[in-house]
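One structure is given below, encoded as structure tokens.
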Amino acid sequence: MGNYETPDFEVLEKENSFELRKYGQFYIVEYDNRADPDVDRGFRTLFKYISSENQENEKISMTVPVIQEETDENRKMAFVVPKKYWGQVPEPTDPNLKVEAFEEGVFAVIQFSGKRSRTKEISMKEKLNQWVADKGFEKQSAFMVASYSGPFTLPPFRKNEIWVRVKSA
């Protein structure tokens with residue numbers, strides 16, 4: 001998606017489409033709405049937030065990736081807050097949005113291109129799960145899908161990742 005700001009990380013290990021990364025803490029604005037378990041209204045709600053529907057009525061720059069996390073209860077979607085706001089993140093006006101710290105940590109990551117689908121995501125999660133097990137790590141979070149490309153990007157040029165927080169076993 002062009003030259004959008006993204007969270008900083010250090011690559012600790014790289015093997016084909018897999019990486020082990022260390023992320024520092026960053027901030028997200030997260031859409032969490034139990035009445036919308038498939039996050040159908042998530043992107044629009046987050047877009048309104050960065051378009052100035054926040055308590056400061058401030059337009060906020062787009063960042064990447066858009067992060068989706070699927071828990072046992074529901075799915076959540078989040079935008080990464082640009083660094084310039086980390087000292088004071090504009091508060092959302094929508095009750096389904098909240099500002100959260102995305103805590104620093106080590107993440108196992110698998111990269112893939114193309115159009116996202118449930119089948120492809122399940123396949124990538126299985127591959128990442130196997131890589132994590134083979135490396136002797138323990139998963140510390142649910143899987144997260146990180147999308148870097150806009151909806152009008154041609155599928156072969158789309159960049160997606162699956163992340164999972166890990167620690168040494």
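The values are calculated or read from the model by the stated rules, or taken from the named source; none is laboratory data. If you're wondering where the values come from, they're calculated on a predicted model, not measured in any experiment. FYI the Cβ positions are ideal-geometry reconstructions off the backbone, even for glycines, and counts take in every protein chain you see.
Tabulated results
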{"read-out": "Residue selected from the range 1-54 under the condition assigned to a strand (DSSP E or B) and β-branched (Val, Ile, Thr), by the criterion farthest from Gln88 (Cα to Cα)", "value": "Val11"}
{"read-out": "Test for Leu46: is it in the same structural domain as Arg158 (by TED's automatic domain parsing) and either among the hydroxyl-bearing types (Ser, Thr, Tyr) or on the phi < 0 side of the Ramachandran plot (or both)", "value": "no"}
{"read-out": "Tally of residues being under 24 Å from Thr6 (Cα atoms), basic (Lys, Arg) and in a helix (DSSP H, G or I) across the range 121-150", "value": "1"}
{"read-out": "Pairs, first farther than 15 Å from Val109 by Cβ in the range 54-70, second aromatic (Phe, Trp, Tyr), C-beta under 6 Å, six or more apart", "value": "Met62/Tyr4; Thr63/Tyr4"}
{"read-out": "Conditions (1) surrounded by fewer than 15 Cβ atoms within 10 Å (Cβ to Cβ); (2) among the polar types (S, T, N, Q); (3) not in a loop (DSSP other than H, G, I, E, B); number of the one not met by Gln88", "value": "(3)"}
{"read-out": "Residues located in the range 55-73, provided they are within 17 Å of the chain's Cα centre (by Cα) and in a loop (DSSP other than H, G, I, E, B)", "value": "Ser61, Met62, Val64, Pro65, Thr71"}
